[in-house]
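Encoded as structure tokens, the structure appears first; notes follow it.
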Amino acid sequence: SAGSPTLESEGVLNTQAVELSGDEGFSSSTSPFRTTGSFTVNAWIKPESLPSSEGGLGSGSGSPYTVFSVKDTLTLQMTRGGNVYAETNVGGESFSAETTSGNIEAGEWNMVTLVYNTEDDGFSVSTGLGADSTSTTVAQTPDLTEKHSYIGYRPDIDSNGFRGKIDEHRIYSRAGIPFNLRNVFGDKTEQQQIQTGQKSFSEHVRTAPL
């Protein structure tokens, strides 16, 4: 891997986007999920190209680009046609959701969000643009504690590494709203302008309530 970030720490860890070639990524032996319950995984991505494969567990050339994963339990990927795919494994059964609008564009900053809500066991993935969200219901709360976590790849699947930049990767221990996350922006003295749906602000990370 490219390194081992301290994912369980709170706050801003790095103010720079990371650029990945598809052959490396970041791993952490400590899970950022300290308890089970609702959670949100959110990141801005700028893929250099679009993958040629659908979401899911696969291998070989053109496989989905992995944004974030938790060993044997959770995967967030960018897939063929500019869509976003998420999958979780609960009690030996897999549950997945995938967008269909193709909002992700190569060479452009795009937001991806994965949300699990204990109130209705809803498991959803979104780009935060309009109604671009797809959800399913899982049988029980995923247990993501005490597991290895990875940014930009999955070590158990060949040719799934992310190709491009990943920035502002955030994990919340509650269910977020993609539209609200899309409007969390950088310091006003640094930003060029605020455009809903576009990453036109500084790449410096700022945390804010969901």
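The values are calculated or read from the model by the stated rules, or taken from the named source; none is laboratory data. Predicted, not measured: the structure shown is a model, and the values here were computed from it. Just the protein is used for accessible areas: all its heavy atoms, side chains included, with ligands, DNA and RNA removed. Shrake-Rupley method; radii C 1.70, N 1.55, O 1.52, S 1.80 Å.
What the table shows:
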| item | result |
| --- | --- |
| For the stretch 59-159: rounded, prolate or oblate by the Cα gyration tensor [a/c cutoff 1.5] | oblate |
| Anisotropy class of the stretch 24-116 from Cα gyration tensor, a/c 1.5 cut | prolate |
| Solvent-accessible area of Glu54 with every protein chain in place, 1.4 Å probe, in Å² to the nearest 10 | 120 Å² |
